[in-house]
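The values are calculated or read from the model by the stated rules, or taken from the named source; none is laboratory data. This one's a predicted model, so the numbers in the text were calculated from it and none came from an experiment. Note that we place each Cβ from the backbone using ideal geometry, even for glycine, and neighbour counts take in every protein chain shown. Heavy atoms of the whole protein, side chains included, go into the accessibility calculation; ligands, DNA and RNA do not. Shrake-Rupley method; radii C 1.70, N 1.55, O 1.52, S 1.80 Å.
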Amino acid sequence: MIYLDHNATTPPDRAAVEAVRETLTVEWGNPSSIHSVGERARMVVERARDQVATLVGCQRGSVIFTSGGTESCHLALWSCLASDPRRQRIVTSRVEHSAVREVVRAHEARGGAVEWLEVDRCGRVDLEQVTTALSRHDDVALVSVQWANSETGVIQDVAAIGRICRGRGIPFHVDAVQWAGKGAVDLGSLPIDLLSISAHKFYGPKGAGALIAAPSTVVRALLVGGPQERGRRGGTEAVPAIAGLGVAADLASKWLCGEGVRGVLAVAAMRDAFEDRITRAVAGSLVIAGGVTRTFNTSLISFPGLEASALVVALSRRGVCASAGAACSSGSLEPSPALLAMGVAREAAHGAVRFSFGRAADEALANDAADRVISVVGKMASLGGSPP
Ligand SMILES: Cc1ncc(COP(=O)(O)O)c(C=O)c1O
């Protein structure tokens, strides 16, 4: 089986699995308990906090553990809205993941103001528009823009957007769920106030993530309850998942400074060769956002005339796991809002399949996968679009 769906989720690293197991069986205490069993669990949580802080280059007190990317994004957005009743406008892009988009839509449905930033044909936010939005309105609660897109891999210039926000004193949230673990993050030198990450996207367990808040950013709890996470996220900490997140963050930090330096370039070159092989062989196929800076592992290829979900099923039968757009929107026949915002024609969006490679991908795997894709697409085309 060739797994090319790492943007949906990654296989947990064995060391992360071991950390989860050990925490379930050995350090199973409640970190809030002041006895020795609680103390051991607390040490696990605090070690993980240090490991996450190292991954993103922030102070340890900035790390707020959550259940994953979705909760981190929700906490960031609702917290900014709760901070000042006079500032109730969200500025965000048309290509955000549903974890952000649906919060914004919920806010809009309640009568809240929203400024949607359009994107160019490659899915990039126009910096001028950010400047204009912030000069036109004095009621902006926050700007929220993703670091990397889950479907196309397109990377936004978050440093430049952050500088515009800083210049106006507006909080800036970055959804870095598809970036953390794939590229460097140094919050100490970036104008970012809030950053969301999720463990299962970088070889950690599901059910763990973090919202990183700059020291000057006050975070108002969405989940109120106990005083955990310094009152910013109530509820007994999910110690096993947090332990796994910490180990995955540690491995990602080491990978990014070691093997990853060459690994990123090698996988990107292989991904490019994969795209080349397919687009040469399949008439009409095209790489969406192929010409711009993307995460090294992501490839979104449109096969016009074919339905992506049928193609994904047929590919799975041939041992290739891919995705019809974002995993969360699979199963829905509506093309992805992000692709439509980029001006991708409906037919091309319907036939867009995402292939996302892992850190360990090699040329043989990519060539094998490309050949299987070419053969399945050929068969489907000959059957008028039905899976073989
Ligand atoms: C860009 C982005 N943000 C947020 C999320 C949600 O993360 P989680 O699955 O941890 O809730 C995802 C998941 O695919 C994502 O790709």
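Is the range 153-173 home to any residue that is closer than 20 Å to F202 by Cβ, small (G, A, S), within 13 Å of the ligand (Cβ to nearest atom) and open to solvent by less than 10 Å² (accessible area, probe 1.4 Å)?
Initially, the range 153-173 is screened for residues closer than 20 Å to F202 by Cβ, giving 153-156, 158, 173.
Filter again for small (G, A, S), leaving 153.
Keeping just the survivors that are within 13 Å of the ligand (Cβ to nearest atom) gives 153.
Narrowing the set further to residues that are open to solvent by less than 10 Å² (accessible area, probe 1.4 Å) leaves 153.
Yes, the range 153-173 contains at least one residue that is closer than 20 Å to F202 by Cβ, small (G, A, S), within 13 Å of the ligand (Cβ to nearest atom) and open to solvent by less than 10 Å² (accessible area, probe 1.4 Å).
Looking at the range 77-98, which of the residues that are open to solvent by less than 10 Å² (accessible area, probe 1.4 Å) and within 11 Å of the ligand (Cβ to nearest atom) is nearest to T217 (Cα to Cα)?
Ranking the candidates gives E96 first.
Just give me the residues in the range 229-252 being open to solvent by 20 Å² or more (accessible area, probe 1.4 Å) and on the phi < 0 side of the Ramachandran plot, in sequence order. Please lay out each step first, then the result.
First, pick out the residues of the range 229-252 that are open to solvent by 20 Å² or more (accessible area, probe 1.4 Å): 230-233, 235-238, 240, 247, 250-251.
R232, R233, T236, E237, A238, P240, V247, D250, L251, listed by residue number.
Counting only residues that are assigned to a loop (DSSP other than H, G, I, E, B) and farther than 25 Å from S83 by Cβ, which one in the range 176-197 is farthest from the ligand (Cβ to nearest atom)?
D186
Which members of the range 84-99 meet the condition of being in contact with a strand residue (DSSP E or B) (Cβ under 8 Å, 6 or more places away or on another chain) and outside any strand (DSSP E or B)? Write out each step before concluding.
Let us first name the residues in the range 84-99 that are in contact with a strand residue (DSSP E or B) (Cβ under 8 Å, 6 or more places away or on another chain), namely 84, 87-97, 99.
Result: D84, R87, Q88, R94, V95, E96, H97, A99.
Check whether at least one residue in the range 227-240 is small (G, A, S) and within 16 Å of the ligand (Cβ to nearest atom), and report yes or no. If you could, list the steps in order and put the result at the bottom.
At the first step, the residues of the range 227-240 found to be small (G, A, S) are 231, 234-235, 238.
Applying the additional criterion that residues be within 16 Å of the ligand (Cβ to nearest atom) yields 238.
Among the residues of the range 227-240, at least one is small (G, A, S) and within 16 Å of the ligand (Cβ to nearest atom), which makes the answer yes.
Restricting attention to the range 108-122, which residues are over 30 Å from S299 (Cα atoms) and in contact with a Lys or Arg (Cβ under 9 Å, 6 or more places away or on another chain)?
Here is the first cut: in the range 108-122, the residues over 30 Å from S299 (Cα atoms) are 108-114.
Once the filter is applied, which keeps residues that are over 30 Å from S299 (Cα atoms) and in contact with a Lys or Arg (Cβ under 9 Å, 6 or more places away or on another chain), the range 108-122 yields G112, A113, V114.
Among the candidates E102, E128, E108, single out the residue that is free of Cβ contacts under 8 Å to residues at least 40 places away in the same chain, within 14 Å of the ligand (Cβ to nearest atom) and in a helix (DSSP H, G or I).
Details: E128 fails: within 14 Å of the ligand (Cβ to nearest atom); E108 fails: within 14 Å of the ligand (Cβ to nearest atom).
Step by step, each of E102, E128, E108 is checked, and only E102 is free of Cβ contacts under 8 Å to residues at least 40 places away in the same chain, within 14 Å of the ligand (Cβ to nearest atom) and in a helix (DSSP H, G or I).
Collect the residues in the range 65-76 that are open to solvent by 50 Å² or more (accessible area, probe 1.4 Å) and in a loop (DSSP other than H, G, I, E, B), keeping them in residue-number order.
S67
Condition first: β-branched (V, I, T) and within 13 Å of the ligand (Cβ to nearest atom). Now tell me which residues in the range 55-76 satisfy that.
Passing the criteria: T66, T70.
Among the listed residues G260, G291, G207, which satisfies the condition of being modelled with pLDDT under 95, within 30 Å of I161 (Cα to Cα) and in a loop (DSSP other than H, G, I, E, B)? Lay out the reasoning, then the answer.
Values: G260 fails: in a loop (DSSP other than H, G, I, E, B); G207 fails: modelled with pLDDT under 95.
Just one listed residue meets the conditions, G291.
Select from the range 126-160 the residues that are out of contact with any Lys or Arg (no Cβ under 7 Å at 6 or more places or on another chain), among the aliphatic types (A, V, I, L, M) and closer than 22 Å to D84 by Cα and list them in ascending order.
V130, A133, L142, V143, V145, listed by residue number.
Just checking, how many residues over the range 1-36 are part of a loop (DSSP other than H, G, I, E, B), away from the ligand (no atom under 16 Å from the Cβ) and of a type in the set (G, A, S)?
Residues that pass the stated criteria total 3.
If you check every pair at least six apart or on different chains, which have Cβ atoms under 7 Å apart with a residue in the range 336-361 that is among the charged types (D, E, K, R) first and a residue that is in a loop (DSSP other than H, G, I, E, B) second?
From residues that are among the charged types (D, E, K, R), the pairs are R346/P335; E347/P304; R354/N7; R354/E151; R354/A322; R354/G325.
What number goes with the only condition from (1) within 20 Å of G153 (Cα to Cα); (2) open to solvent by less than 20 Å² (accessible area, probe 1.4 Å); (3) under 17 Å from the mean Cα position of the chain (by Cα) that V267 does not pass?
V267 satisfies every listed condition except (3).
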